[in-house]
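K.L.:
Got a structure for you, questions after.
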Amino acid sequence: MEDTIFGKIIRHEIPSHIIYEDSDTLAFLDIKPISAGHTLVLPKKASRNLFDINEESAAALMRTIRIVTKAVKAVTNADGINVSINNESAAGQIIFHTHAHIIPRFKEDGLKNWNRDFSYKDGEAIDIAEKIRRNLL
Ligand code: AMP
């Protein structure tokens, strides 16, 4: 896999505001935050996104997300936290090294989540649920 800027941060070759580090994961402040305390968590082992991450890295990522999310909430006094992982450019991924965004949210902060104007036609939900079940690996 090609190296990314996050590879340089993992190797401490470029500066970042590190929040947490262990042998498998790293968390640091996003350089262009959505709100104060916006933190990125990533597995050190290189993977592009959730489509190729291995189970061990995914588990380590989730462990660190849990630890950091609680600290970010405590410090920012956020009313809630979004944890999101962008997978591929269609989903907004810019840096192709798996990472999760931890974003403090506040009541009436004006940030928009997703539109909810889609609805299934008759039988469509049954069909797609069945297809997804058959593709679980
Ligand atoms: P994504 O769109 O999910 O790939 O998000 C990549 C994130 O990385 C963006 O929110 C950027 O602001 C952030 N980012 C890019 N370069 C750096 C950096 N050197 N230090 C911290 N965050 C960065």
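K.L.:
List the number of the failed condition for residue 23; all other conditions in (1) closer than 23 Å to residue 82 by Cα; (2) away from the ligand (no atom under 13 Å from the Cβ) hold.
P.N.:
Tallying (1) closer than 23 Å to residue 82 by Cα; (2) away from the ligand (no atom under 13 Å from the Cβ), residue 23 fails exactly one: (1).
K.L.:
Right, something else. Name the single residue that is nearest to the ligand (Cβ to nearest atom) among those in region 34-63 being more than 29 Å from residue 110 (Cβ to Cβ) and hydroxyl-bearing (Ser, Thr, Tyr).
P.N.:
47
K.L.:
Among the residues of region 75-92, is there at least one that is surrounded by fewer than 17 Cβ atoms within 10 Å (Cβ to Cβ) and touching an Asp or Glu at 6+ places or on another chain (Cβ under 8 Å)?
P.N.:
No.
This table checks each residue for (1) under 22 Å from residue 11 (Cβ atoms); (2) in a loop (DSSP other than H, G, I, E, B); (3) in contact (Cβ under 8 Å) with a residue 40 or more places away in the chain.
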position: 27; (1), (2), (3): yes, no, yes
position: 60; (1), (2), (3): yes, no, no
position: 90; (1), (2), (3): no, no, no
position: 103; (1), (2), (3): no, no, yes
position: 109; (1), (2), (3): no, yes, yes
position: 120; (1), (2), (3): no, yes, no
position: 126; (1), (2), (3): no, no, no
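K.L.:
Still on this structure: Sort out which residues of region 57-97 are touching a Pro at 6+ places or on another chain (Cβ under 6 Å), closer than 20 Å to residue 34 by Cα and of a type in the set (Gly, Ala, Ser), and write them in order of number.
P.N.:
78
K.L.:
Is one or more of the residues making up region 46-62 more than 20 Å from residue 89 (Cβ to Cβ), buried (at least 16 other Cβ atoms within 10 Å of the Cβ) and over 14 Å from the mean Cα position of the chain (by Cα)?
P.N.:
Looking through region 46-62, none of the residues is more than 20 Å from residue 89 (Cβ to Cβ), buried (at least 16 other Cβ atoms within 10 Å of the Cβ) and over 14 Å from the mean Cα position of the chain (by Cα).
K.L.:
Since residue 41 meets every condition but one in (1) assigned to a loop (DSSP other than H, G, I, E, B); (2) of a type outside the set (Asp, Glu); (3) in contact with a helix residue (DSSP H, G or I) (Cβ under 8 Å, 6 or more places away or on another chain), which condition does it not meet?
P.N.:
Answer for residue 41: the failing condition is (1).
Here's the yes/no breakdown for (1) under 30 Å from residue 137 (Cβ atoms); (2) touching an Asp or Glu at 6+ places or on another chain (Cβ under 6 Å); (3) part of a helix (DSSP H, G or I):
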{"position": "8", "(1), (2), (3)": "no, no, yes"}
{"position": "47", "(1), (2), (3)": "yes, no, no"}
{"position": "56", "(1), (2), (3)": "yes, no, yes"}
{"position": "65", "(1), (2), (3)": "yes, no, yes"}
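K.L.:
Please work out if residue 81 is in contact (Cβ under 8 Å) with a residue 60 or more places away in the chain and in contact with a helix residue (DSSP H, G or I) (Cβ under 6 Å, 6 or more places away or on another chain).
P.N.:
No; evaluated as a whole, the condition is false for this residue.
Computed from the coordinates by the stated procedures, all read-outs in this text should not be read as laboratory data. This structure is a prediction, so every number in the text was calculated from the model and none was measured. Here the Cβ is made from the backbone with ideal geometry for all residues, glycine too, and neighbour counts use every protein chain on show.
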